[in-house]
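The values are calculated or read from the model by the stated rules, or taken from the named source; none is laboratory data. Being a predicted model, the structure only gives us computed values, none of them experimental. Ligands, DNA and RNA are excluded from the accessible area calculation, which covers all protein heavy atoms including side chains. Shrake-Rupley method; radii C 1.70, N 1.55, O 1.52, S 1.80 Å.
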Amino acid sequence: MATLQTIRSKGPLLVVVIGLALFAFIAGDAWKVLQPHQGKQDVGEVNGESISAQDFQALVEEYTEVVKFSSGLNALSDEQTNQIKDEVWRAYVNNKLIENEAEKLGLTVSKAELQAIIDAGVHPMLQQTPFRNPQTGAFDKDMLNKFLVDYAKMNESQMPAQYAEQYNNMYKYWSFIQKTLVQSRLAEKYQALVAKALLS
């Protein structure tokens, strides 16, 4: 009974304290919603370099489009999407680690080296492109060059939307292949250097 009397006598003070606590709780959540999520946009860090959620999502979307284009699918399952995210993260980490070490050593991949890989036409990634000779099934650099010339001259307003979309998808696919070839060649050069250093 004495406890209830004490609570009743301190009633206005309790109402003010509880009101302030509720206001602070609600205001804190409102502040988080209204403010940009500084520091919370990063999905990971490699060698002290952070990658934002937007950049990672862009990499995932790029690879998703490549998978859709190469497999002829319009949509992917949740399991496939999760596998793509895992693969993109693994590739991102590997590439960042190798790029960091290669930069310290002065290793680069020149445009001439990339062109030599394309001219040789034997890299496994090139065999997966649509630029293959119908008779032999081998990569055909002339088909690639013809496509690139046609794409450069393409006027989307004067062609059916379906063809324009197909050309754009093929160009994005080729850009991804080029980027991956450069990363692959840089990794090969770095690994060869490390292997020779260990042997000597």
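For the listed residue pairs 85/172; 104/196; 68/179; 68/172; 68/189, the alpha carbons are over 21 angstrom apart in 68/189. Using 0.36 nm per residue and subtracting the Cα-Cα separation, the extra length available between residue 198 and residue 110 on full extension is 29.1 nm. Using a/c under 1.5 as the rounded threshold, could you call segment 95-200 rounded, prolate or oblate? The axes a ≥ b ≥ c are square roots of the C-alpha gyration tensor eigenvalues, and prolate needs a/b larger than b/c, oblate otherwise. Prolate shape, in that a/c is at least 1.5 and a/b is the bigger ratio. A 1.4 Å probe over all protein chains sorts 189, 196 by accessible area into 196, 189, starting with the largest.
Where the alpha-carbon atoms of the chain are placed on the principal axes, they occupy 98, 59, 29 Å, in descending order. Just checking the listed ones, 163, 63, 173: in the Gaussian network model of the chain with Cα springs under 10 Å, the one fluctuating most is 163.
Along segment 143-159 the Karplus relation, 6.51 cos²θ - 1.76 cosθ + 1.60 evaluated at θ = phi - 60°, assigns HN-Hα couplings of 4, 4, 4, 5, 4, 5, 5, 4, 5, 5, 8, 4, 10, 4, 6, 9, 9 Hz to successive residues, with x for each Gly and Pro. Residue separation of residue 86 and residue 27 scaled by 0.36 nm, minus their Cα-Cα distance, works out to 17.5 nm of gained length.
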